[in-house]
1. Do we have any residue at all in the range 153-175 that's at pLDDT 90 or above, among the polar types (S, T, N, Q) and part of a loop (DSSP other than H, G, I, E, B)?
2. Pull out all pairs, ordered by first then second residue, where Cβ-Cβ is under 6 Å, the residues are six or more apart or on different chains, the first lies in the range 141-165 and is more than 13 Å from Ile115 (Cα to Cα), and the second is assigned to a helix (DSSP H, G or I) and among the β-branched types (Val, Ile, Thr).
3. Consider only pairs whose beta carbons are under 9 Å apart and that are at least six residues apart or on different chains; among these, list those whose first residue lies in the range 58-75 and is on the phi < 0 side of the Ramachandran plot and whose second residue is surrounded by fewer than 14 Cβ atoms within 10 Å (Cβ to Cβ) and of a type in the set (Ser, Thr, Tyr).
4. Go through the range 138-163 and count every residue that is of a type outside the set (A, V, I, L, M) and closer than 21 Å to Val107 by Cβ.
5. Take the range 108-122 and flag every residue that is surrounded by fewer than 22 Cβ atoms within 10 Å (Cβ to Cβ) and among the β-branched types (Val, Ile, Thr).
6. Is one or more of the residues making up the range 74-84 surrounded by 12 or more Cβ atoms within 10 Å (Cβ to Cβ), of a type in the set (Val, Ile, Thr), out of contact with any Lys or Arg (no Cβ under 8 Å at 6 or more places or on another chain) and within 23 Å of Glu143 (Cα to Cα)?
7. Identify the residue in the range 176-213 that is modelled with pLDDT of 75 or more, under 32 Å from the mean Cα position of the chain (by Cα) and not in a helix (DSSP H, G or I) and, among all such residues, is nearest to Phe118 (Cα to Cα).
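The values are calculated or read from the model by the stated rules, or taken from the named source; none is laboratory data. All values reported here derive from a predicted model rather than from experimental measurement. Ideal geometry is used to build each Cβ from the backbone, glycine not excepted, and the neighbour counts take in all protein chains shown.
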Amino acid sequence: MPKLFILSAPSGTGKTTIAAKVLESLSGIRRVITATTRQPRPGEVNGRDYIFLSEEEFKGMMEKGEFLEYACVYGNYYGTPKSQVEENAKNGVDSLLVIDVQGAFEVKRQMPDAISVFLLPPSLEELERRIANRGFVDDNVKERLRIAKKEIPCAKKFDYVIINDFIDKAVECLKAVVLASRCSSERLEESQRALDSEVVSLIKGGECYVKET
């Protein structure tokens, strides 16, 4: 079955940038576009960066149970549409969620087989610089840093942790997580399409000569 990957991090750590670079270089994986009630930032495109909804539209989807998870963050609603995850699975494509920490835990609760990855900044000083460079005012920077200090301890509850000190290195680490999952024994059935029939028959009907203890 296709995998569900969760990428989470404190605001300003670079998760959106890293996710975009991974998606550019790997086939067979699609980002699930988050729905939100916040206003678009300069350069953001509806349906590419986010699905921008009114609060009324968002709450209508909540009532219909159309979100895998949703939360109110910094005064705006964010949610993961179930339909995109289901469509990707139907088409044999992995899904990548780029979501906040509380959303990550909710998805993991519902889908324990999802692979969770936490992105860390190399330092709080560097995180503050990145947040400020995004154009947030001083009060907003302080609030985001305050929340980041609460989110960073959550890293130990994720399956993988990647430090974003250099973007290219972080991208390669995330790609390695995705590629490794595609070689897991759980996905052996998919791999059989590329195997010789004799090898397939041994996998299906043969016995491992090493006895488990």
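1. To start, the set of residues in the range 153-175 that are at pLDDT 90 or above comprises 153-175.
Checking which are among the polar types (S, T, N, Q) leaves us with 164.
Retained after the next criterion (residues that are part of a loop (DSSP other than H, G, I, E, B)): 164.
Checking the range 153-175: at least one residue is at pLDDT 90 or above, among the polar types (S, T, N, Q) and part of a loop (DSSP other than H, G, I, E, B).
2. Val141/Ile131; Arg144/Ile131; Glu151/Val101; Cys154/Val101
3. Here the result reads Glu66/Ser83, each pair linking the range 58-75 to a residue that is surrounded by fewer than 14 Cβ atoms within 10 Å (Cβ to Cβ) and of a type in the set (Ser, Thr, Tyr).
4. Here is the first cut: in the range 138-163, the ones of a type outside the set (A, V, I, L, M) are 138-140, 142-144, 146, 149-151, 153-154, 156-160.
Add one more test, that the residue is closer than 21 Å to Val107 by Cβ, and what stays is 150-151, 153-154, 156-160.
Matching residues across the range 138-163 total 9.
5. Ile115
6. No, the range 74-84 contains no residue that is surrounded by 12 or more Cβ atoms within 10 Å (Cβ to Cβ), of a type in the set (Val, Ile, Thr), out of contact with any Lys or Arg (no Cβ under 8 Å at 6 or more places or on another chain) and within 23 Å of Glu143 (Cα to Cα).
7. Taking the candidates together, the pick is Arg182.
Here's the yes/no breakdown for (1) touching a strand residue (DSSP E or B) at 6+ places or on another chain (Cβ under 7 Å); (2) at pLDDT 95 or above; (3) among the hydroxyl-bearing types (Ser, Thr, Tyr); (4) surrounded by fewer than 16 Cβ atoms within 10 Å (Cβ to Cβ):
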| position | (1), (2), (3), (4) |
| --- | --- |
| Asp94 | yes, yes, no, no |
| Leu97 | yes, yes, no, no |
| Ile131 | no, no, no, no |
| Val137 | no, no, no, yes |
